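Enquirer: One structure is given below, represented as structure tokens, and several questions about it will come after.
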Amino acid sequence: MRIAFVGSLPAAAVFPIELVREHYRRGNHPAPWVQGLLPALAATSGFKLRVILVQRAILRPCLVERDGVEYQGVPYHLPERSNIRLFHLPKSLVYRTALRQFQPDLVHAFGMETGSGTIALRSGFPVSCFVQGILEKLYPLFPPRALGEVAAERWCESRAVRRIRWFVAENEWAREWVLSCNPAARVTLIPHSLRNDFLAKAAPTYEKRVLSVGGLTRIKGMDTIIKAFARIKDKEAKLCLVGTGPLMQELKKLAQSLGVGERVEFTGNLDTERVIAQMNRASVFVVASRVDTSPNVLSEAHAIGLPVIGTKGGGIPEMIEEGLDGYQVEVDGFEEMALRMDHLL
């Protein structure tokens, strides 16, 4: 069986660096669905697997194999913003050519919210799709300046979820959303894959540190974490926020205004090794998303051995057993979150 995969993956994670434009060479790491799922699938199934990446980051056509998985790179020259505004039609045409050369029995799309489901449908091959972020749920949380592009993506998502027949969902929350849009769909529940590094390199020291990993955006709720941290009783504890995003300066100002600026560290993006190092130092891991399907970082923190605090946004409650491996708090509930931080510290 031949399976092609369409999804977002940094080119620098899989291709020789000389084949990647210099601007795209830093801050890239393989997505969990590559590191955790595809090599294992290649080793156990005997299927021929190919990930096709059509990106501006790629300098020239290339094909490499890693851990039994083929990665095909195809240069793309239009700005991504133009592609989104044209409902992914330009990129779909490039993908269709590459897919027809491979002749897969199935095209598996990783998500609809970035156009992967739409692109896969236009290939003409049978399509299955993994449910990632759900734009219908996320739409109210985007800044006004982004709503035009998000509206185009949302239209593509709405059309794709109604036309694709087979889905993989990580939890019941995502499954119920698919079936509410497409009652005839067949949806299989499979929790997301976990990179073995987080189990193999777990060595927690449980310092007085609170940790969160994610984009510095309104969706991820990093402001709630800072507000909660400013209210904890332990004034020696530190807060570490790993990630970058448009709210970086705003969040730094918030920390200063609440009197905890000196105890809040903003690291920017870190590679997997350094994320694991930060997790091994922490005592508490926090996910404050206002909506989230099934955050990989929560499973990674559990693999290290950290108790977690997570909001009741989206599918997060299905990942936390209250009082056993963490606590659930209301979305934006920073006072309750502060109490849980104090308890776990």
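Enquirer: Let me know the shape class of region 89-209, please: from the alpha-carbon gyration tensor, a ≥ b ≥ c as square roots of the eigenvalues, rounded when a/c is under 1.5, otherwise prolate if a/b is greater than b/c, or oblate.
Expert: prolate
Enquirer: Let me ask you something else. Taking only C-alpha pairs under 8 Å that are 6+ residues apart, what is the relative contact order of region 137-214 in percent?
Expert: Here the relative contact order equals 23 percent.
Enquirer: Alpha carbon centre of region 266-316 versus region 44-121: separation in Å?
Expert: 29
Enquirer: What percent does the relative contact order of region 1-145 come to when contacts are Cα pairs within less than 8 Å and at least six residues apart? Write down the numbers at each step before the final one.
Expert: Details: 249 pairs, mean separation 35.5, N = 145.
It comes to 24 percent, rounded to a whole number.
Enquirer: For region 227-310, what is one quarter of the convex hull surface built on the Cα atoms, given in nm²? Present the calculation step by step, with values, prior to reporting the outcome.
Expert: Working: hull surface 23.4 nm².
Approximately 5.9 nm², given one-decimal rounding.
Enquirer: Using the basic label-point model (7 angstrom from Cα toward the beta carbon), what is the Ala277 to Ala203 distance in nanometres?
Expert: Each label point is offset 7 Å from its Cα along the Cβ direction, giving 1.2 nm.
Enquirer: In square nanometres and to one decimal, what's the mean projected area of the convex hull around the Cα atoms of region 1-159? Can you show the working numbers first?
Expert: Details: hull surface 36.9 nm².
One quarter of the hull surface, i.e. the mean projection, equals 9.2 nm².
Enquirer: Send over a whole-number figure in Å² for the accessible area per residue of the chain, probe 1.4 Å. Mind dumping the intermediate values first?
Expert: Details: 15650 Å² over 345 residues.
Heavy-atom SASA per residue in the chain reads 45 Å².
Enquirer: Nearest 0.05, what FRET efficiency do Ser180 and Glu318 give at R0 = 22 Å with Cβ-Cβ as r?
Expert: Working: r = 17 Å, r/R0 = 0.77.
So the FRET efficiency works out to roughly 0.80.
Enquirer: A follow-up question, please. Subtract the Cα-Cα distance of Gln249 and Arg2 from 0.36 nm times their separation in residues, and report this length gain in nm to one decimal. Let's see the in-between values first.
Expert: On the way: separation 247, 0.36 × 247 = 88.92 nm, distance 4.66 nm.
Answer, rounded to one decimal: 84.3 nm.
Enquirer: Take the alpha-carbon positions of region 197-345, form their convex hull, and give its projected area averaged over all directions (one quarter of the hull surface) in nm². Walk me through the numbers before you get to the answer.
Expert: Numbers: hull surface 30.1 nm².
Computing the convex hull of the Cα atoms and averaging its projections yields 7.5 nm².
Enquirer: Put one equal scatterer on each alpha carbon of the chain, apply the Debye formula with no solvent term, and list log10 I(q)/I(0) at q = 0.09, 0.13 1/Å to two decimals.
Expert: Calculated log10 I(q)/I(0) at the listed q: -0.51, -1.07.
Enquirer: Let me check I have the definition right: for region 49-111, take the eigenvalues of the Cα gyration tensor, multiply each by 5, take square roots. What are those semi-axes in whole Å, largest first?
Expert: Equivalent ellipsoid of region 49-111: 21, 14, 10 Å, largest first.
Enquirer: Given contacts defined as C-alpha pairs under 8 Å and at least six residues apart, what's the relative contact order of the chain, whole-number percent? Working shown, then result.
Expert: Details: 696 pairs, mean separation 46.9, N = 345.
Relative contact order comes out at 14 percent.
The values are calculated or read from the model by the stated rules, or taken from the named source; none is laboratory data. Quick caveat: nothing in here was measured; it's all calculated off a predicted structure. Glycine gets a Cβ as well: all are built from the backbone with ideal geometry, and neighbour counts include every protein chain shown. Surface accessibility is based on the protein's heavy atoms, side chains included, excluding ligands, DNA and RNA. Shrake-Rupley method; radii C 1.70, N 1.55, O 1.52, S 1.80 Å.
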